[in-house]
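All remarks here apply to the structure that follows.
The values are calculated or read from the model by the stated rules, or taken from the named source; none is laboratory data. Treat the numbers as computed from the prediction; the structure is a model and nothing was measured. All Cβ positions, even for glycine, are placed from backbone atoms using ideal geometry, and neighbour counts span all protein chains on display.
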Amino acid sequence: MATARERILDAAEELIVAGQVPPSLDAVAAAAGVSKGGLLYHFDKRGLLGALVTRAVQRFDACVTAAAAEGVMAAAWLRSSVPGPHERTLYRAMMSMLRLSATGELDLPGDVAAAEQRWQDMLTAELGDPVRARAVRLVGDGLLLAALAGRPASPDEVEELLLHLGLPGGPPGKEQP
């Protein structure tokens, strides 16, 4: 059974995906089945948003770390940069949340920068070249932006890109986070 804290995070994530960015604490409490006081025991508004970002980073980190252990992180990075319809909705919601950081309503947790550096280091270790690793990251960013804008690359296009870049990858979909 999920803890109250996990139910709160799940509820907030669902509300964000549904377009409530940021979700009200009352709506999160109701969706999680806890009182507002119960929610506030675990999170204030900033803490809730920060915990959602941290959880998303941890989930992605687990996927790319597993792919790096298999030597296919670069391929996994690019494949995961083209989210499916459900993930696209979640990514758009997360992007909306990240815009809150520009207004000062949300400070990105320090582990976001640490994770980005770790991902860069893992790509560099796999590819043997920091510039090539950065290029893969930037290509992934472009694929993600295109997907969020409604023009996602097809799986075949991603596979062609992997082939063109000479990236190891194994069977398509195997290492996709």
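Surrounded by 14 or more Cβ atoms within 10 Å (Cβ to Cβ) and not assigned by TED's automatic domain parsing to the domain that holds GLN20, is that true of SER154? Break it down into steps so the answer makes sense when it comes.
Values: surrounded by 14 or more Cβ atoms within 10 Å (Cβ to Cβ): no; not assigned by TED's automatic domain parsing to the domain that holds GLN20: yes.
Spelling it out, it is not the case that SER154 is surrounded by 14 or more Cβ atoms within 10 Å (Cβ to Cβ) and not assigned by TED's automatic domain parsing to the domain that holds GLN20.
Quickly run through region 140-164 and pick out the residues that are modelled with pLDDT of 90 or more, part of a loop (DSSP other than H, G, I, E, B) and closer than 24 Å to GLN120 by Cα.
ALA153
Restricting attention to region 1-23, and to residues there that are touching a residue at least 60 places away in the same chain (Cβ under 8 Å) and within 21 Å of ASP107 (Cβ to Cβ), which single residue is surrounded by the fewest Cβ atoms within 10 Å (Cβ to Cβ)?
Filtering region 1-23 for residues that are touching a residue at least 60 places away in the same chain (Cβ under 8 Å) and within 21 Å of ASP107 (Cβ to Cβ), the one surrounded by the fewest Cβ atoms within 10 Å (Cβ to Cβ) comes out as VAL21.
Within the bounds of region 84-100, is there any residue that is touching a residue at least 12 places away in the same chain (Cβ under 8 Å), not small (Gly, Ala, Ser) and not in a helix (DSSP H, G or I)?
No.
Rundown of residues vs (1) among the small types (Gly, Ala, Ser); (2) at pLDDT below 95, yes/no style:
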| residue | (1), (2) |
| --- | --- |
| ARG46 | no, yes |
| GLY50 | yes, yes |
| GLY71 | yes, yes |
| SER80 | yes, yes |
| ARG92 | no, yes |
| GLY110 | yes, yes |
| THR124 | no, no |
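Specify the residue that is nearest to LEU48 (Cα to Cα); the eligible residues are those in region 66-100 that are of a type in the set (Ser, Thr, Tyr) and surrounded by 15 or more Cβ atoms within 10 Å (Cβ to Cβ). Steps first, answer last, please.
Taking region 66-100 first, the residues of a type in the set (Ser, Thr, Tyr) are 80-81, 89, 91, 96.
Checking which are surrounded by 15 or more Cβ atoms within 10 Å (Cβ to Cβ) leaves us with 80-81, 89, 91.
On the way: SER80: 25, SER81: 25, THR89: 20, TYR91: 17 Å.
Selected residue: TYR91.
Examine region 62-83 for a residue that is free of Cβ contacts under 8 Å to residues at least 60 places away in the same chain and of a type in the set (D, E, K, R), and state whether such a residue exists.
Scanning region 62-83 turns up no residue that is free of Cβ contacts under 8 Å to residues at least 60 places away in the same chain and of a type in the set (D, E, K, R).
Take the residues in region 24-49 that are without any contact (Cβ under 8 Å) to a residue 12 or more places away in the chain and assigned to a loop (DSSP other than H, G, I, E, B), then tell me which one is farthest from the chain's Cα centre (by Cα).
SER35
Scan region 104-117 and report the pairs whose first residue is assigned by TED's automatic domain parsing to the domain that holds ASP61 and small (Gly, Ala, Ser) and whose second residue is part of a helix (DSSP H, G or I) and surrounded by 13 or more Cβ atoms within 10 Å (Cβ to Cβ), with Cβ atoms within less than 6 Å and a gap of 6+ or a chain change.
Every condition considered, the pairs that remain are ALA115/VAL57; ALA115/ASP61.
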